[in-house]
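Colleague: Encoded as structure tokens, here's the structure I'll be asking about.
Read-outs throughout are calculated quantities, based only on the coordinates presented, and are distinct from any laboratory measurement. The model shown is predicted, which means the values in this text are computed figures rather than measured ones. Because the Cβ atoms are built from the backbone with ideal geometry, glycine has one as well, and the counts that use them run over all protein chains shown.
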Amino acid sequence: MNERVVLTIECIKKVMQLNGRKETALTPTTDILADTSLDSLDLAQVVIMLEEKTEKTPFAKGFIQFRTIQELAKLYE
């Protein structure tokens, strides 16, 4: 796993913990909303956390479609 995928998984786990969500096994191909207990507000927290840690803002010009952890992580490379 590359470092951005690892960072994305860490951020997802942190948001799950902070919001009392049921933790699930996470892999690069995990569909974030379909395969986890996260909702769209939780996902927004993950995005903010990733932006703070990477200093990148891929969504500054609008939404970019993604489903999996790997697809989200790639936006921060």
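Colleague: Of all alpha-carbon pairs in the chain, indicate the percentage at a distance above 15 angstrom. Show your work: numbers first, answer last.
Modeller: Details: 1420 of 2926 pairs.
So the pairs more than 15 Å apart make up 49 percent of the total in the chain.
Colleague: I would also like to ask the following. Multiply the residue gap between residue 2 and residue 64 by 0.36 nm, knock off their C-alpha separation, and tell me the result in nm, one decimal place.
Modeller: Details: separation 62, 0.36 × 62 = 22.32 nm, distance 2.09 nm.
Result for the pair: 20.2 nm of gain on full extension.
Colleague: Go through the chain and name the trypsin sites (Lys or Arg not before Pro) that are in a DSSP coil and have 11 or fewer other Cβ atoms within 10 Å of their Cβ. Provide the component values of the computation, followed by the final result.
Modeller: On the way: sites: 4, 13, 14, 21, 22, 53, 56, 61, 67, 74; in loops: 21, 22, 56, 61, 67.
Qualifying residues, ordered by number: 22, 61.
Colleague: Among 50, 41, 26, which one shows the biggest mean-square fluctuation in a GNM of the chain, springs joining Cα atoms closer than 10 Å?
Modeller: Of 50, 41, 26, the most mobile in the Gaussian network model is 41.
Colleague: Moving on to the next point. Return one number: the angle in degrees, 0 to 90 and rounded to the nearest 10, between the long axis of the Cα atoms of helix 3-18 and the longest principal axis of the Cα atoms of the chain.
Modeller: Helix 3-18 sits at roughly 50 degrees to that axis.
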